[in-house]
Every structure is written in structure tokens, then in C-alpha cells.
Ligand SMILES: Nc1nc2c(ncn2[C@@H]2O[C@H](COP(=O)(O)OP(=O)(O)OP(=O)(O)O)[C@@H](O)[C@H]2O)c(=O)[nH]1
């Protein structure tokens, strides 16, 4: 069984919870409690491999850029912005910069982390403030994958995006297992120290 830890980060109201809940439950609920951070957990099978997935969904992310805990915890990141909100794009840019910075900091785990930039709320394209090409360029500049989608309307695209992220993370983890056979216990300890958060099973 592989353990995969994924952090969904982005500006306030960009649709972090909507994306995570859509992927995990197929449902788009509309309103989500934003005053509590949580970790959703789910078991499933990907390419014949059993996965224990944890998705970290912070409460309102706006203004928080330190990311120290998240960078130590996560195997991968989904950075979300709202295509109808330029401020959320600027925040996503700052988050990507922070992640890049930690890569340069020569921490091996960070070099291997998967990052996916998502422009959410594509159904609101009549209110668009951020062009598709701007998202694509930001992703290219940060060597991460990119897509635009709508958590509200594009269930298949949401699943495809999460599946790409999880495939990339599991192949990174496989490569890491080959190089370093032990150490997961101390990491688990660190995670428990860092995240004393509510856990939700869905
Ligand atoms: N039109 C539209 N609305 C969306 C979409 N995704 C999320 N929303 C709405 O955007 C609002 C914020 O969504 P959340 O999922 O709570 O966003 P969040 O990033 O988790 O918000 P915070 O936890 O407050 O930072 C809610 O009213 C959602 O219904 C989408 O794809 N299209």
C-alpha cells in the first residue's frame, strides 16, 4: 500500500474544497465550511496499486505563504486559482515561487514533489480576469502541469487532473523507495507532530 499526501493550496474561495470534494465524492456541493482545515482520507486503486490518499485542504489560505509545514508534509501540490479573480492568480504565483524556492534549497523531497497548477471556475469564463495563456505560461515558468477546469461542471476533468497528479507522485515515490528503503516511520512521526488536524474519511 502506498501512502500519498497531497496538499490543495490557493487563494481564499478559489475552489480548493470544491475540487477535493468533487474528486472524492463526485458531488459539487456549492458551499463548504471555510473556517476549518482538514485532511480527507480515502483508499483506492490506481494502476493496480493500492493507495492510501490524504488530501490536505487548508481553511482560508489567503495571506499564508510560509508553507513550511506543508512543504515537509506533502508529496505533491495542487495550486488553485479562480480564473475570474486576478488576485487569486497572483497568490497562486506567490505559492509556486515559494515551492520553487524550497526546491533550490536542496531538500531532496522537494525536488521530487509534483506540482499542478489549476485554473478553476472555467464555467465563469464570461467573467474571466486571467487568460488561459497566462496560466499556461506561469506553469511553464515553474515546470509544472496546468489545466483549466470547473469543479462545478467538469467532473471528468477533475478526476483526470487528480489522476495525473497521483500518477506522478506514485512514480516519484517508487523511484525514492528504490533509493532509500527506510525512513517512513520517522516521517509519519513528523506528520503527526506537524498536523494535529481533523481527519475526514469519505
Ligand atoms: N461557478 C463556480 N463556482 C465554484 C467552482 N468551484 C467552487 N465554486 C464556488 O466558489 C466558492 C468557494 O469554493 P470553496 O471550495 O469553498 O473554495 P476554497 O478555496 O476552499 O475557499 P476557502 O476555504 O475559503 O479558502 C463556493 O461558493 C463554491 O460553490 C466552480 O468551478 N465554478
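The numbers here are math on the coordinates, done by the rules we state, and not lab data. If you're wondering where the values come from, they're calculated on a predicted model, not measured in any experiment. We place every Cβ from the backbone using ideal geometry, glycine too, and count neighbours over all the protein chains shown.
Structure summary
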read-out	value
Gain on full stretching of the segment that runs from residue 68 to residue 2 - 0.36 nm per residue minus C-alpha separation	21.4 nm
Cα→Cβ-extended label distance, 7 Å offset, between residue 137 and residue 163, nm	3.2
Cβ-Cβ FRET estimate between residue 44 and residue 101, R0 fixed at 35 Å, reported to 0.05	0.60
Net length gained if the chain between residue 27 and residue 175 were fully extended (0.36 nm per residue, minus Cα distance)	49.9 nm
Packing-based order for 7-18, 145-156, using average beta carbon neighbours within 10 Å, highest first	7-18, 145-156
Taking 45, 144 and counting other C-beta atoms within 10 Å, the order from fewest to most	45, 144
